[in-house]
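The values are calculated or read from the model by the stated rules, or taken from the named source; none is laboratory data. Source: prediction; values computed, not measured. Positions of Cβ are generated from backbone atoms using ideal geometry, with glycine treated the same way; all protein chains shown enter the neighbour counts. Please note that ligands, DNA and RNA were not included when accessible areas were found on the heavy atoms of the full protein model with its side chains. Shrake-Rupley method; radii C 1.70, N 1.55, O 1.52, S 1.80 Å.
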Amino acid sequence: MRHARRRVVRRVTRLAAVGGLLLGGAMVTRAVASEPPEVSAVPYSSARAAADTGADLVERLGPSRTAGSWVDEDGRTVVAVTDEKAAAEVRRAGAEAKRVRHSMRELKSATATLRSAPRVTGTAWALDYRSNEVVVRGDSTVSAADWSRLTEVADGIGGFVRMERTEGTFTTRLNGARPILSTAGRCSAGFNVTDGRSEYILTAGHCGPDGSVWFADGAGRDRVGTTVGRSFPGDDYSLVKYDGGRAGAGADVVAVGDGKGVRITGVADPAVGQRVFRSGSTTGLRDGQVTALNATVNYPEGTVSGLVETDVCAEPGDSGGPLFSEGIALGVTSGGSGDCTTGGTTYFQPVTKALSELGMRLIVSARGGASSAPSPAPSASAGQGAAAPGVTGPGSPAPVGGADVSTLLSRLADPRNIGPGLLVVAGSLVALVATRWIRSEQDRKAYRQHYSATWS
C-alpha cells in the first residue's frame, strides 16, 4: 500500500506540473510572471479591434436595423443588417455587411417567448448571429413529450427558431461526485478581483453557497478563503475572499500548464467567432471559438441567462476557470455538455457583468511584473501601441514559478497529505492522463503558435 501511494504521489506531482492544475486556485493566484509591459504599451490586436468595431456598429445602428456581429475566419468584422442603408454605413466603417431577414429585436423577442414557456430542464437556447436564428437545444434528459411542446412554442414564433437535439446532458461543471477541495465541491479559480480593500477570487456561483470554505490541498490543511457572495441561478458567479485579504504575488496571472502563465491586462465582452482559451483544474488549457452570445441554459439547479456559448470543451471540476483571449479576461466557466474526449458545448458567465454587479475590479498586469492597481472599469480595450522590445505581450506564455507554487507541489507530494479523498482524485486523473496528454500538448502548441503570430 505504501508503494502504491508513492506511485500515486509521483503521478499527481507529474500531472500538476504538466497540466497546470488550479487546485483551489493556488496556482493561479500565487504565480509569478516574467516582466509584463505597461498596459498602455500593449498592442491592440486585429481580433480585438474587429470585435470592438462590430459592437460599436451594432450599438450605433440599433436593434431594429442590425442582428449582431462576428469575426470571420480572416479576422474581419461582419455585421448583420436588415436594410441597404445600414449596410452602406457598415461598409463605410470598413466592415463587411450581411443582409438578414430578422433583426436583433425579433431574435430577442423570440428568446423572451421561450423564457415565458414552461421551463424544461436540459434545454438551452442562444442567438446564432451568423445564421440569423435562435438555436434551441435539448439534451438526452428531455422527454419526447417536453420536446414536442417546446417545438410547438418554437413553431409559433416563426421559421427562424432552429430545434436541435444534442448528446449528453447540460450540467454545471462542478464535480460533486469526487472528493472536494472545498466544503461544496471541486472547482477552479477564475480571476483575481478587488474592491479596493480586500482581494477575492471570481469563480462560478454554482460552486457553493455563501460560507463555503476553500482549500488548496486535498487534505484540507491549506485554507485559501471563504465564499462571501454569489448569484446563482439567474447568473453564475461568486466571490471567494482570501484569508488575510490578499491574493499574493502574481495575482494578475492565470496558469495554462507546463509551468506557464498568462498575464491578464484587461477585461472585455467576447465576440462571436473570436478564438478563446480556457484553463481549468480538470482538463487544463483548451481552445476554441465563441459560437453565440446571450445564451440561456436550463440546468437541473435552475436557469442561467446571458451566457457566452463556445465550442471549447470542459469537464466537471473546470467550473469557475478563466476564459480569456490575448490577455483579456472574458468569462468564468459555468457549464455545458460533452467532454474533452468527444467534444462539447461550454457556457461562460461574462466577467464584465459579474464585476459590475459585484462592484469589483479586475487585478491586472502592470510594469515590473507586479500586479497593478485594478482596472478602472470593465473595458473592451487593452490599450494601443507597440510592445517594448524584448518584452512578451499579454497572452504570451510566461514562467509560472515562485516559492508558493513549489510549496503547493511539495504538499501534494507529501505522503502525510495523501488521504483517501486525494487517492480517489489521483486515481481518476491517472485514468484520464493517457488520452488527454496528447490533446493538452496540441492545445498548448496551438496556443503558442497563435500568440507568437499575434504578438510578433
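Structure above, values below:
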{"item": "Reach of Lys98 by Cα under 25 Å, taken over lysines that are not fewer than 8 positions away in the same chain", "result": "Lys85, Lys108"}
{"item": "Along principal axes, Cα extents of segment 272-376, largest first, whole Å", "result": "42, 28, 26"}
{"item": "Value of relative contact order over segment 218-267, rounded to a whole percent, pairs C-alpha under 8 Å and six or more apart", "result": "23 percent"}
{"item": "Computed E for Arg92/Ser131 - FRET, C-beta separation, R0 41 angstrom, nearest 0.05", "result": "0.95"}
{"item": "Gain upon complete extension [Glu73, Arg101; 0.36 nm per residue less C-alpha separation]", "result": "7.8 nm"}
{"item": "Cys313 - accessible surface, heavy atoms, 1.4 Å probe, Å² rounded to 10", "result": "10 Å²"}
{"item": "Centre separation in Å (Cα based) which lies between segment 325-357 and segment 223-241", "result": "16 Å"}
{"item": "16 Å cut-off, amide nitrogen to a point 7 angstrom out along Asp83 Cα→Cβ, residues in segment 102-132", "result": "102-106"}
{"item": "Sites Asp155 and Asp195, calculated FRET efficiency, Cβ-Cβ separation with R0 60 Å, nearest 0.05", "result": "0.80"}
{"item": "Hits among lysines - C-alpha to C-alpha of Lys241 under 24 Å, sequence gap 8 or more where chains match", "result": "Lys353"}
{"item": "Whole-number percent relative contact order across segment 195-321, with pairs defined as alpha carbons under 8 Å at least 6 apart", "result": "22 percent"}
{"item": "Dipole moment magnitude, nearest 20 debye, segment 56-170 about Cα centre, only Lys, Arg, Asp, Glu C-beta charged", "result": "340 debye"}
{"item": "Segment 52-139 - percent relative contact order, Cα under 8 Å, separation 6 or more", "result": "24 percent"}
{"item": "Area accessible to solvent at Phe170, 1.4 Å probe radius, in Å²", "result": "0 Å²"}
{"item": "Ile157 - accessible surface, heavy atoms, 1.4 Å probe, Å² rounded to 10", "result": "40 Å²"}
{"item": "Angstrom value of the Kirkwood radius, inverse mean 1/r, which spans all Cα pairs in segment 216-273", "result": "14.5 Å"}
